[in-house]
Amino acid sequence: MSLCVVVLDDVEDEALMLADMIRNAYDEEGLVVHALGSIGELECYLSTNDSPDVLFIDIVLGTGNGIDLVGQLSLGTRTQVVYVSGLDDFYTRVYDTPHASYVRKPLRSEDVRLALSQALERRRRMCAPPLVLHHDHVADVIRSEEISYIESNLRNVIVHTDAGAHRAYGKLSDVLNQLPPSFVRCHQSYAINLDRVSRLGAETVTLSTGETVPVSRRWRASVREALFDRIREGR
């Protein structure tokens, strides 16, 4: 797929080095990386181009501040922001704006690769179509990141989310076909969101909500493999 990444750093050598690291970290074709050196260059770029898929932005930009700049720009949810800094002063301030990751200077290839992976995963989740459940002449629209787990009870599926449970007529397999790969079956009657797993046991999975979901012997190995693959990928 095509991917546009913009790097903003007012130190030219560091901008070019980061751009090269990003190119080396991306294994597919279609990558375009623009290395920019000032806030003015970024504003000029955005005035004549679509917002990038990923923006790696240094926090200290001369007299400017990358966090404040991101808050002022109209990037939309399509652009994933990765903050870059050699200072420890901004670890909490970055949460003033939505972002996908944070890279500490001096730059390391493995950190850049992880940050890019996290940004692309966050972008994929945000761009993924929501799950739509039809019941009682209404339609519940549910974002995948809001779902902890799904269960099947007779001919109904129950989707457990941060806001509560949604019940609809249907099959567990049909619901899973509408969700991203982070959702896997762990039991004949249950599927989990791997991003919500906090503990994997022999017979149960504990989720970040504190809820436990059964894991059957049939699905145990595949759940374990999928979970650790996801951890290794930095998702």
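Derivation of every value follows stated rules applied to the coordinates shown; laboratory data play no part. All values derive from a computational prediction rather than experimental measurement. Counting neighbours? That spans all protein chains shown, and the Cβs are built from the backbone with ideal geometry, glycine included.
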Relative contact order of the chain, pairs being alpha-carbon contacts under 8 Å that are 6 or more residues apart, as %: 12
Cα-based shape type of segment 68-189, given that a ≥ b ≥ c are square roots of the gyration tensor eigenvalues and the cut on a/c is 1.5: prolate
Kirkwood Rh and Cα Rg combined as Rg/Rh, the chain: 1.04
Amide H contacts under 5 Å for VAL103, placed H, 5+ residues apart: TYR83, VAL84, SER85
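Sorting ASP10, ASP174 on the 10 Å Cβ count, fewest up front, what's the list?
ASP174, ASP10
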For VAL184, distant residues with modelled amide H under 5 Å away: ILE192, LEU194
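So which trypsin sites (Lys or Arg not before Pro) in segment 101-173 are both in a DSSP loop and have at most 16 other Cβ atoms within 10 Å of their Cβ?
ARG108, ARG143, ARG155, LYS171
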Within the chain, longest stretch free of exposed GluC sites (Glu not before Pro) [DSSP loop, at most 16 other beta carbons within 10 Å]: 30-202
Cβ-based net charge around VAL223, under 14 Å, with every Lys or Arg adding one and every Asp or Glu removing one: +4
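Roughly what % antiparallel, to the nearest 5, for the DSSP beta bridges in the chain?
Approximately 65 percent, going by the DSSP bridge assignments.
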Tensor-based shape of segment 3-127 (alpha-carbon gyration tensor, a/c under 1.5 rounded, otherwise prolate or oblate): rounded
Amide H partners (placed H, <5 Å) of VAL60, local residues excluded: GLY66
